[in-house]
Amino acid sequence: MSHTQLITPVQKNQLLPRAMPAAGREIKLASRVSLSSAQQNELLAALPRAALESLFEDLELVELPFGKELYAYGNSLEYSYFPTTAIISLLYVMEDGATTEIAVVGHEGVAGASLLAGERAMCTAVVQSAGYGYRLKTQSLRNAFNQGGALPQLLMRYTNALFAQMAQNAVGGRHSSIEQKLCRWLLDRLDRSPSNELKVTQELISIMLGVRRESITAAAGKLQDEGLIHYRRGNITVLDRAGLECYAGECYKVAKTEYDRLLRDVSRC
């Protein structure tokens, strides 16, 4: 059986890293959708007002707690998730439990968009930073997509940007140093966070990057010695973003350039 086999519910609980528990609180549904709240997601904000309001009957504002698994590899995709303040990690989980992050989704995008009937998840999606977002039933998204207009253009542009992120992660995983990988990982979160402070453990970072925890400890120490970050248990503060970007180099810039282009295109939709 290949390493991309469908994971059973029992295996899934065993394979998810301890830092990201499979069991989380149930998602709590909010009582109503508001225009201003929905527009915290940049894809939804880019829709013409009439197109966005046409989705209100099917959009649900939901709480996304840390560690909540939204879908797993091989699952049918029941919902698409448009984060507003939460950050979602897209993971590849091996049979032996080894986990690598292949992409991250925040307020700029969507996770779990399924536009073809019978399509199944090609990765596992887990909430990495607690917050809120909107979920939309898969069939509702397909119906809206098939109606044409701005939504299909936005989703196709976003897919291109997400692919650029995945491609750069693959290249960076092969050719970048541990310090460069850590810088890129921190910057990816910083782009999707409201402040320069990130609540995260070294164990979690090591799991996401697929490296030993000791390597992350050494890399974080080096970045702190150079005045780029301040690290204390469970919390990283970025002190010099420009320096972090310079250190990350191409490992970060290619995907960032594609997302910047996406946002420029989105603003013109």
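Candidates 150, 169, 202 compared by Cα position along the dipole of the range 119-210: farthest toward the positive end lies 150, with charges placed on Cβ. Normalised per residue, the accessible area of the range 176-262 is 46 Å², obtained with a 1.4 Å probe and no contribution from ligands, DNA or RNA.
When the alpha-carbon atoms of the range 51-204 are used, the pair Rg, Dmax equals 15.8, 47 angstrom. Here the accessible area is traced with a 1.4 Å probe on the protein chains. For the range 176-262, carbon and sulfur cover 49 percent of it.
One Cα centroid belongs to the range 204-244, the other to the range 69-136; the line between them spans 25 Å.
Hey, got the dipole for the range 176-262? About the Cα centre, +1 on K and R Cβ, -1 on D and E Cβ, debye to the nearest 20? Mind dumping the intermediate values first?
On the way: 14 positive and 13 negative charges, 52 e Å.
My answer is approximately 240 debye.
Using a probe of 1.4 angstrom, how much of the accessible area of the range 35-149 is carbon and sulfur, in percent? Ligands and nucleic acids excluded, carbon and sulfur reach 50 percent.
At 1.4 Å probe size, with every protein chain present, just tell me what the per residue accessible area of the range 35-149 comes to in Å².
39
Can you list which of the trypsin sites (Lys or Arg not before Pro) found in the range 181-226 are DSSP loop residues with at most 13 other C-beta atoms within 10 Å?
Working: sites: 181, 184, 189, 192, 199, 212, 213, 222; in loops: 192, 199, 212.
Those satisfying the criteria are 199, 212.
Taking 0.36 nm per residue of sequence separation and removing the Cα-Cα distance, the residue 156/residue 54 pair yields an extension gain of 34.7 nm. Computed extension gain for residue 246 through residue 145, at 0.36 nm per residue and net of the alpha carbon distance, reaches 32.5 nm.
Taking the Cβ of residue 79 as the centre, find all other residues whose Cβ is under 9 Å away and add up their charges (Lys, Arg: +1; Asp, Glu: -1). Computed value for this residue: 0.
Near residue 143, once Lys and Arg are set to +1 and Asp and Glu to -1 for all other residues with Cβ below 12 Å from its Cβ, the sum equals 0. Treating only the Cα positions of the range 176-262 as identical point scatterers, give the base-10 log of I(q)/I(0) from the Debye formula at each q in 0.14, 0.22, 0.23 Å⁻¹. Relative scattering, expressed as log10 I(q)/I(0), comes to -0.43, -1.10, -1.20.
The values are calculated or read from the model by the stated rules, or taken from the named source; none is laboratory data. What you see is a predicted model, and the numbers here were worked out from it, not measured in a lab. Glycine also receives a Cβ, built like all others from the backbone with ideal geometry; neighbour counts cover every protein chain displayed. Note: areas computed on protein heavy atoms with side chains; ligands, DNA, RNA excluded. Shrake-Rupley method; radii C 1.70, N 1.55, O 1.52, S 1.80 Å.
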